[in-house]
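Here the structure is laid out as structure tokens; the discussion comes afterwards.
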Amino acid sequence: MSLDSPKFSDFDALYSDKAEVATQMYEDPDLFAQEMDKIFKKTWVWVAHESEFPDKGSFKLSNVGLDPVIVVRDRKGKIHCMVNRCRHRAATVCEVKKGKTSSFQCPYHGWGYGLDGSLRALPYPEQYGDDFDKSQHGMLKLKTASYNGMVFASFNEDVEPLEDFLGPEVCRYIDLFMKQGGGFPVKVLGEHQFTVPMNWKVQLENTTDAYHFPIVHKSFLQSLDDATADIFDFLDKGTGWVEDLGNGHSIMMMIPDREDLDEGLDEPVEERFAELAEEIRAEGYDEHQTRKIVKAVGGSGFNMNLFPNVSFSLSFFRVLTPVSVEQTDIRHMALGMDGGPVAANQMRLRLHEHFQGPMGFGSPDDAEVWERVQRGTKGGEELPILVNRGIVDEEPGVLGPRGHISAETGMRAAYEMWKRMMSDD
Amino acid sequence: MTEMVKIDTNLVFEVTEFLWYEADLLDRKDYDTWLDLWTERGLYILPIDGDSDDYANQLNLCYDDAKMRKDRIGRFQQGFSISSAPPAQTVRTISRIVVDDVMGDTITVRAAEHLIEDKFGRQRVWAANAKYTLIKTETGFKLDQKIVTLLNSDGMLNSFSYLF
């Protein structure tokens, strides 16, 4: 397919003014190729959390759309991101998922690169002639920027500043989300990974979709004690909301009491965490710290979806990586308190395992319904997919519309951004 | 010496019979019987990091004490979990059984596990190293610890609607 004459140009037919999504959106490989070019090669894509490669010389492998990349800190601690491909004959220069190094060397012919991706040395360079310019043969670099530990990269040299792309509301909510460090830096403790036969946008829609929660996650809710089940009964309480935060981002505020984890610290510790609080006190923390840590263990009260590939979900990061038009990799990253009490981090790990990942009480049911969407779209291609729920009583929010907790406002935010980026020449 | 060899052979046979019995329970999804195989303090773990045994302080696929095992089985059986109603069907073999250690009534065993699942007309194959701590009792063996490490435990997996 030539991108000079794209197969799709009528984006209103793919996502209509009535918030109807065309079936091809999940199924057409040419449209997928267009998306990889127009979205994943153009905007900021999340690649790492700073705690995953904390030291000078430490790195991790990641992806920007379909491109495998290396995210690394150089000797001065500066973050670099480059495509994992030797400039000579294209071999990957690194196949270790995470680690520490002083350089990257291609295993094929020995071209050696610095931590900033620059070509340092190559065997027998004289065969390239005297005018061979090493500075023109560094690894393909991406632009990088961080906000509160979240590292993003972009292929687009002219991309807007990261904080403009995120916008003030997203930045405010990221800061609130990171309070679940409980006074310690937030640290990635591990990740669950699973691949699902679905288009990436099926996942993009899900993180701020409260409507599915009591249905898909009934078996998870049944495994909770009464007090915790009551906290998760956010659909019936009707105090939460969903809001378009601009640029395709959205928030689903499920438990407003847990929006700011520094509030309500004078209230007694929740019964479900009473034993944990005792252990934390026994580790020598005072009452205020104990309450702050315990509250943080319970996670934030909201899910926030960032366009196009990362979301903050109560107490973890969810990352999507498109693989092909009908396959998407998902990562659920468990978070803890760097240097925090052992008991608190253990509780965070066990809570994460309870819901997330291939054997969680929640994720497998999500994966099942996502796959069912992809399977369902094999029939009735002319039927639209509806994301119009809750338009009826949307009101203006801070930056965009705000709707009922079960409204599909977040999906509309993402599809509006999708349309804007796909239409952009 | 002859006596020792005889005892070991018997033990390997008894252990093998038990592991096959457990594997058969899991393929037939006779989970209530499976729950009764465990000691009260027993842990059923599927780690992600196969090189470390500090399971409590790392993220696992599952880290089940008695309550979590019971809740997990309840979730499978109640019919509200769309991924496990219906679940994938499985056929597994347990082989390459090695008795590592015998300390009184406590026996440590390693084995290879191959499992094939079938759902939506699609089959997937999984290979794992399994490690068991068994307690010999008057009524037969009890599971005190079972740690199953998938060959690709730290890679891209799929969701599991059954146990390994």
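The values are calculated or read from the model by the stated rules, or taken from the named source; none is laboratory data. As the structure is a computational prediction, the values presented were derived from the model and not from experiment. All Cβ positions, even for glycine, are placed from backbone atoms using ideal geometry, and neighbour counts span all protein chains on display. SASA here: full protein model, heavy atoms, side chains in, ligands and nucleic acids out. Shrake-Rupley method; radii C 1.70, N 1.55, O 1.52, S 1.80 Å.
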What are the pairs, 6+ residues apart or on separate chains, where a residue within region A:206-227 that is more than 11 Å from chain B (Cβ to nearest Cβ) has its Cβ under 6 Å from a residue that is open to solvent by less than 30 Å² (accessible area, probe 1.4 Å) and part of a helix (DSSP H, G or I)? A:T208/A:G410
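Taking B:L35, is it aliphatic (A, V, I, L, M), open to solvent by 30 Å² or more (accessible area, probe 1.4 Å), closer than 19 Å to B:V148 by Cα and more than 10 Å from chain A (Cβ to nearest Cβ)?
Details: aliphatic (A, V, I, L, M): yes; open to solvent by 30 Å² or more (accessible area, probe 1.4 Å): yes; closer than 19 Å to B:V148 by Cα: yes; more than 10 Å from chain A (Cβ to nearest Cβ): yes.
So B:L35 passes the test.
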Only listed residue being modelled with pLDDT of 95 or more and at positive phi, chosen from A:G264, A:G248: A:G248
Could you run through region A:316-339 and say how many residues are farther than 26 Å from A:D67 by Cβ, surrounded by 20 or more Cβ atoms within 10 Å (Cβ to Cβ) and away from every other protein chain (no Cβ under 11 Å)? 1
Of B:F164, B:F120, the only residue that is within 14 Å of chain A (Cβ to nearest Cβ), of a type outside the set (A, V, I, L, M) and more than 28 Å from A:L349 (Cα to Cα) is B:F120
Among the residues of region B:43-69 satisfying the criterion of being at pLDDT 95 or above, over 15 Å from the mean Cα position of the chain (by Cα) and more than 9 Å from chain A (Cβ to nearest Cβ), which is surrounded by the most Cβ atoms within 10 Å (Cβ to Cβ)? B:Y55
Enumeration of residues in region B:97-111 that are farther than 20 Å from B:L163 by Cα and assigned to a strand (DSSP E or B): B:V98, B:V99, B:D100, B:D101, B:V102, B:M103, B:T106, B:I107, B:T108
May I ask you to list the residues in region B:115-126 that are open to solvent by 70 Å² or more (accessible area, probe 1.4 Å) and among the hydrophobic types (A, V, I, L, M, F, W, C)? B:I116, B:V125
What single numbered condition from (1) open to solvent by 40 Å² or more (accessible area, probe 1.4 Å); (2) among the small types (G, A, S); (3) free of Cβ contacts under 8 Å to residues at least 24 places away in the same chain fails to hold for B:A112? (1)
Odd one out for B:K29 among (1) at the interface with chain A (Cβ under 9 Å from one of its Cβ atoms); (2) on the phi > 0 side of the Ramachandran plot: (1)
Given the conditions (1) within 16 Å of the chain's Cα centre (by Cα); (2) assigned to a loop (DSSP other than H, G, I, E, B), report the number of the one that B:H114 does not fulfil. (2)
Filter result for the condition that a residue is farther than 30 Å from A:F184 by Cα and within 14 Å of chain B (Cβ to nearest Cβ), over A:V387, A:V369, A:V342: A:V369
